[in-house]
Amino acid sequence: MKKVLLTVALVATLTTTFAQEVSSRAKAMRIMKFARPEYQVKDIKVLVDTMTVYALNEQVVYPFGKWNSIEQYITDGQLRWDREVGYKHYLDSMHVSVNTLKRLDGSEIDVFRSISTGLMEILAAHITDPEVSFVNGPHPGMTKADVFNVFFDTYPTSYTQDITVLKVVSGAHEVEQVYTFKGQRLRLIEVRSRYKYY
């Protein structure tokens with residue numbers, strides 16, 4: 001009798017897990033048709049509370065816009081940044097010169113000016129300050145609906161109800177933007193880069 005009950009419980013667990021996986025993929029495929037065309041979304045994956053959007057738009061690589069110098073970004077942005085210049089390890093094998101821009105709340109952006117592109121490139125960012133925003137609008141403090149409206153046209157809100165992390169990844173996986181929600185508000189934006197700009 002114990003073996004029968006154990007077998008039934010195992011089958012029920014596997015069936016439930018498979019059904020959840022199918023529904024997550026179905027949800028991802030359905031929401032993909034609501035993606036804004038300018039982001040050139042190629043795939044979407046939903047895993048538990050995380051939605052990952054794979055987009056070809058260059059905004060993913062240049063979330064703060066394209067700037068010819070770090071000074072230009074600081075001056076035109078009209079935000080007060082504390083600036084530190086030093087060297088940091090990047091991709092575990094590169095020791096690169098990095099400008100770290102910091103805000104009083106602990107927000108910071110690691111940037112450098114690339115020799116190959118001639119632009120300010122982002123190595124990493126950790127943003128909690130509502131005054132710091134991406135060029136396409138997202139900033140901490142926004143509602144979850146407003147953040148999703150940046151990347152999607154009208155869509156069923158039930159598709160994003162359980163999502164607490166939205167990742168927007170560049171086509172070759174070299175740069176990703178990570179939006180972390182607490183309740184219905186955006187609390188943190190991170191940028192992670194693995195692209196060798198040098």
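The values are calculated or read from the model by the stated rules, or taken from the named source; none is laboratory data. Worth saying up front: this structure is predicted, and the values here are computed from it rather than measured. What goes into the accessible areas is simple: the full protein's heavy atoms, side chains included, and nothing from ligands, DNA or RNA. Shrake-Rupley method; radii C 1.70, N 1.55, O 1.52, S 1.80 Å.
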Q. Assuming a viscosity of 1.567 mPa s and a temperature of 4 °C, what translational diffusion coefficient in µm² per second does Stokes-Einstein assign to the range 70-198, Rh being the Kirkwood radius over Cα pairs?
A. 82 µm²/s
Q.
Report the Cα centroid-to-centroid distance between the range 120-181 and the range 47-97 in angstrom, as an integer.
A. 14 Å
Q. For the range 124-198, what is the convex hull volume of the alpha-carbon atoms per residue, in Å³?
A. 99 Å³
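Leaving out ligands, DNA and RNA, what percent of the accessible area of the range 23-139 is carbon and sulfur, probe 1.4 Å?
Reported share for carbon and sulfur atoms: 52 percent.
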Q) In a solvent-free Debye calculation with one equal scatterer on each Cα, what is log10 I(q)/I(0) for the range 91-160 at q = 0.20 Å⁻¹, listed in the order of the q values? A) -0.92
